[in-house]
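Just so it is clear, none of the values below were taken in a lab; they were calculated from the coordinates. Just so you know, these numbers come straight off a predicted model, no measurement behind them. All Cβ positions, even for glycine, are placed from backbone atoms using ideal geometry, and neighbour counts span all protein chains on display.
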Amino acid sequence: MFGRRQIAALVAEFIGTGALTLLILSVQRSTIGVPFFVAIAAGLTITIMMLAVGRVSGGYFNPALVLGFWTARKINTVTAVLYIAVQMLGAWAAYGLYTYFVSNSLQPVGGEFSVKVLTAEVVGTAVFAFGVAAAIYQRASMALTATMAGLALTVGIVAASSASIGLLNPAVALGIRAWVLLTYVLGPILGAIIGVNLYALLFAEEGTGSSLEEKKTVATAKPAAVTTKAATKKAPAKKKKPAAKKKK
């Protein structure tokens, strides 16, 4: 059964991914569609959407990022599957909205498989995922996490744009008609897995990378620990009654 919070989280990922795809489409297909402006637009969109709904869903808006944190056991399997599904739907809805605005369908822009493009997408997404992982593992505030994610995405797109379109997001690749499995889908997934796990293994403090299942176990164990501690406290000594005087 889905509650209000679960539905809100799915809607947040749908809206966030859709907004990101629409902004990238709008800038990329405009007269200022150079990689730098695309990177700025994407970074600002991620920052704004994370500030708006990040506390509800986590603010991933990227199937590759979801898979990266899933491999690090920070997202459970059911949540990961649902997030990826609504993110893809959000990107597809953004494509439909954009084509409605411009009254024209879009031609595929992904090209064919290229090792350079794959490598660029891996490197760019790894930079982005590393930055997001740093904020999450350091337990930064949502404002700082959103800022870090926006800056990391901007830098990642600029880094990848020398050899690729610089999407770093399979959902966005679907939305802008760049769906090439071995470059704009596989590349971001590999990059996110590398970026998240690299930070988790080498730079995260011990205890911050525990799985959701482990955290639940710890949370449920606390009341028992408190009860045990309370039970070990010595009960107050009972006052002895004065012995009755013998009658002569």
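Comparing V117, G191, A129 along the charge dipole axis of the stretch 4-202, the residue lying farthest to the positive side is A129, per the Cβ-charge model.
In terms of packing, defined here as the mean over residues of other Cβ atoms within 10 angstrom, the peptides 82-89, 24-31 line up highest first as 82-89, 24-31.
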